[in-house]
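Below you'll find the structure, written out as structure tokens, and then a few comments.
The values are calculated or read from the model by the stated rules, or taken from the named source; none is laboratory data. Keep in mind that this is a model prediction, so the values were computed, not measured. Cβ: placed from backbone, ideal geometry, glycine included. Neighbour counts: every protein chain shown.
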Amino acid sequence: MAATLTEQRLFNKSNIAQASLSGLSWAWFDGDVGALSAPTDKGNIESTDASGDLTLSMANSTLTTGQIGTLVLYDPTGSKVGAYRLAVD
Amino acid sequence: MAIAYRNATTAVDDDATLNSKTLTINVPSGVVEDDVMLAFVASETTGGITMPENGSWTTITADSWLGGDDTSYVIQYKVAGPSEPASYDWGAVTATELHGGIVAFSGVDTTTPLDQTSAFSKLLNTTDPDSPTITTQTAGAEIVALLMTTRTLASVTPPTGYTKVMDAPNGNTSRRTAVAHLVKATAGATGTINWPTSLASFADPIAGTIALKPSGASGASITDLGLVNLSSTAQASLSGLKWSWFDQSDPNNFTAPTDQGLVESTDGSGNISISMPNSTLTTGQTGFLVLRDPANNYIGGYRVAVD
């Protein structure tokens, strides 16, 4: 079973889309903050496109369409971090 | 290392059938070197209780008194060595109805097993005993609550949230010694610990509280991390915050969180302080905190150096 996130637009706290980021480090959890297990999937070479959208495949996730998990992102080059509650495709 | 309960044994020297004035308590099954054993032994008479001759037990407290419910009791601890005997003997010259047990824990600091000065109360004429409050210094301390009743009870009900691991009656079941425990994740006051045991009549129970200190690194903590919203406004007096802490600073290296919680709060300045007793990071090392405020639909990630 797997899950995906398609074109999740990332913004900074000034509400500016984070376009063309690369080398993003990420971890996906099938659960909620405060009750997380180890991430089901993780990586360190993700990118956002020119619109600031991120697309991820989580091959080990057991969530089904519409279910919510937690994504943690880190951009080492810009020292940016973020966390998101997202519904999978 | 987190403290964990290992095992317990109880024993009784029944005057009617044994009357040996010696209480032989087996070392709990599974005890290994560096476990810490607590012994709780009581009798229905004055004159004190003698210590085992075949081991270096350290007395935490001991007392005896005459009048009302004559009593002697002792509470001791010992760090298990590489080769423990099968049992230890406690006794007394004028002992009557000796009873008690040994409770063992792993993960306790073997140099300084007690996190804080223990507290004991001799409660006179009460039917509703409380173990006294103590204030722990170390996150992850093991709170051990003890009760000795001087009235007949079928069993002892442990305090709310505590796990009972010892409940030893004397030979005629007129008294019981009980031990219950829980891990206190954050340092601070325990508050009084109520034993919901309504004694049938006025009694003179003994109630005590011991805090065992975890071994090795005492975990890590973050102090006064300021939370602001997108407008850089401090998020003061938030409550019910959910959080997860990772000892890794890069999500690509994440394993399971070492510590998590569901009820943190920010103070009046928007600062949050968190203790992570299972973290192995040392001062200045960076980990990752994920925080969510369900009430305000906020979620955030932070790379933070621990205190």
Discussion item. Can you confirm whether B:Asp307 is at pLDDT 85 or above and either at negative phi or within 30 Å of the chain's Cα centre (by Cα) (or both)?
Written reply: no
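So for region B:57-64 (the condition being touching a residue at least 24 places away in the same chain (Cβ under 8 Å), in a loop (DSSP other than H, G, I, E, B) and among the acidic types (Asp, Glu)), does at least one residue qualify? Lay out the reasoning, then the answer.
Taking region B:57-64 and keeping what is touching a residue at least 24 places away in the same chain (Cβ under 8 Å), we get B:57, B:60-61, B:63.
Add one more test, that the residue is in a loop (DSSP other than H, G, I, E, B), and what stays is B:57.
When the remaining residues are screened for being among the acidic types (Asp, Glu), the result is none.
Looking through region B:57-64, none of the residues is touching a residue at least 24 places away in the same chain (Cβ under 8 Å), in a loop (DSSP other than H, G, I, E, B) and among the acidic types (Asp, Glu).
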Item to complete: Tell me which of these A:Leu24 doesn't satisfy, since it passes every other one: (1) under 20 Å from A:Lys80 (Cα atoms); (2) more than 13 Å from the chain's Cα centre (by Cα).
Response: (2)
Fill in: Among residues of region B:282-307, those that are among the aliphatic types (A, V, I, L, M) and farther than 21 Å from A:Leu73 by Cα, counted
1
Response to the item:
Taking region B:231-244 and the residues there that are buried (at least 17 other Cβ atoms within 10 Å of the Cβ) and at the interface with another protein chain (Cβ under 10 Å from one of its Cβ atoms), the one that is farthest from A:Trp28 (Cα to Cα) would be B:Leu241
Practice prompt. Filter region B:144-183 down to the residues that are basic (Lys, Arg) and surrounded by fewer than 20 Cβ atoms within 10 Å (Cβ to Cβ), then identify the one that is farthest from B:Ser121 (Cα to Cα).
Written response: B:Lys164
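Give the number of residues within region B:226-251 that are more than 16 Å from B:Asn271 (Cβ to Cβ), assigned to a loop (DSSP other than H, G, I, E, B) and at pLDDT 85 or above.
Total satisfying the criteria: 5.
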Worksheet item: Under 6 Å by Cβ, and 6 or more places apart or on different chains, what pairs join a residue from region A:74-85 that is under 12 Å from A:Leu21 (Cβ atoms) with one that is in a loop (DSSP other than H, G, I, E, B) and not acidic (Asp, Glu)?
Response: A:Asp75/A:Leu21
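B:Thr58 - would you say it is closer than 24 Å to B:Pro85 by Cα, of a type in the set (Val, Ile, Thr) and out of contact with any helix residue (DSSP H, G or I) (no Cβ under 9 Å at 6 or more places or on another chain)? Reasoning before the result, please.
Details: closer than 24 Å to B:Pro85 by Cα: yes; of a type in the set (Val, Ile, Thr): yes; out of contact with any helix residue (DSSP H, G or I) (no Cβ under 9 Å at 6 or more places or on another chain): yes.
The answer is yes for B:Thr58.
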Practice prompt. Name, by its number, the condition in (1) at pLDDT below 90; (2) under 22 Å from B:Leu199 (Cβ atoms); (3) within 16 Å of the chain's Cα centre (by Cα) that does not hold for B:Ser118.
Written response: (2)
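Take the residues of region B:259-270 that are within 14 Å of chain A (Cβ to nearest Cβ) and exposed (fewer than 14 other Cβ atoms within 10 Å of the Cβ): which is nearest to B:Glu142 (Cα to Cα)?
B:Val263
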Worksheet item: Tally time: how many residues in region B:35-50 are within 18 Å of the chain's Cα centre (by Cα), within 17 Å of B:Asp167 (Cβ to Cβ) and either part of a loop (DSSP other than H, G, I, E, B) or small (Gly, Ala, Ser) (or both)?
Response: 1
Worksheet item: Could you list, in sequence order, the residues of region A:38-60 that are over 16 Å from B:Asn253 (Cβ atoms) and either more than 12 Å from the chain's Cα centre (by Cα) or surrounded by 20 or more Cβ atoms within 10 Å (Cβ to Cβ) (or both)?
Response: A:Thr48, A:Asp49, A:Ala50, A:Ser51, A:Gly52, A:Leu54, A:Leu56, A:Met58, A:Ala59, A:Asn60
Fill in: Considering residues of region A:42-89 that are among the β-branched types (Val, Ile, Thr) and outside any strand (DSSP E or B) only, the residue nearest to the other protein chains (Cβ to nearest Cβ)
A:Thr77
Worksheet item: of a type in the set (S, T, N, Q) and buried (at least 20 other Cβ atoms within 10 Å of the Cβ), is that true of B:Thr197?
Response: yes
Worksheet item: Identify, please: which residue in region A:1-37 is part of a strand (DSSP E or B) and facing chain B (nearest Cβ under 7 Å) and is, among those, surrounded by the fewest Cβ atoms within 10 Å (Cβ to Cβ)?
Response: A:Ser25
Worksheet item: If the Cβ limit is 8 Å and pairs must be 6+ apart or interchain, which residue in region B:42-55 that is in contact (Cβ under 8 Å) with a residue 24 or more places away in the chain pairs with which residue that is part of a loop (DSSP other than H, G, I, E, B) and among the hydroxyl-bearing types (Ser, Thr, Tyr)?
Response: B:Ser43/B:Thr96; B:Glu44/B:Thr96; B:Glu44/B:Ser174; B:Thr45/B:Thr94; B:Thr45/B:Thr96; B:Thr46/B:Thr94; B:Gly47/B:Thr94
Discussion item. As an exercise: evaluate B:Ser273 against (1) small (Gly, Ala, Ser); (2) assigned to a strand (DSSP E or B); (3) at the interface with chain A (Cβ under 10 Å from one of its Cβ atoms) and give the number of the one condition it does not meet.
Written reply: (3)
Worksheet item: Can B:Gly219 be described as away from every other protein chain (no Cβ under 14 Å), touching a residue at least 40 places away in the same chain (Cβ under 8 Å) and not hydrophobic (A, V, I, L, M, F, W, C)?
Response: yes
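So which of B:Gln248, B:Gln285 is farther than 20 Å from A:Leu10 by Cβ and either within 13 Å of chain A (Cβ to nearest Cβ) or in contact with a Lys or Arg (Cβ under 7 Å, 6 or more places away or on another chain) (or both)?
Of the residues listed, the single one that is farther than 20 Å from A:Leu10 by Cβ and either within 13 Å of chain A (Cβ to nearest Cβ) or in contact with a Lys or Arg (Cβ under 7 Å, 6 or more places away or on another chain) (or both) is B:Gln248.
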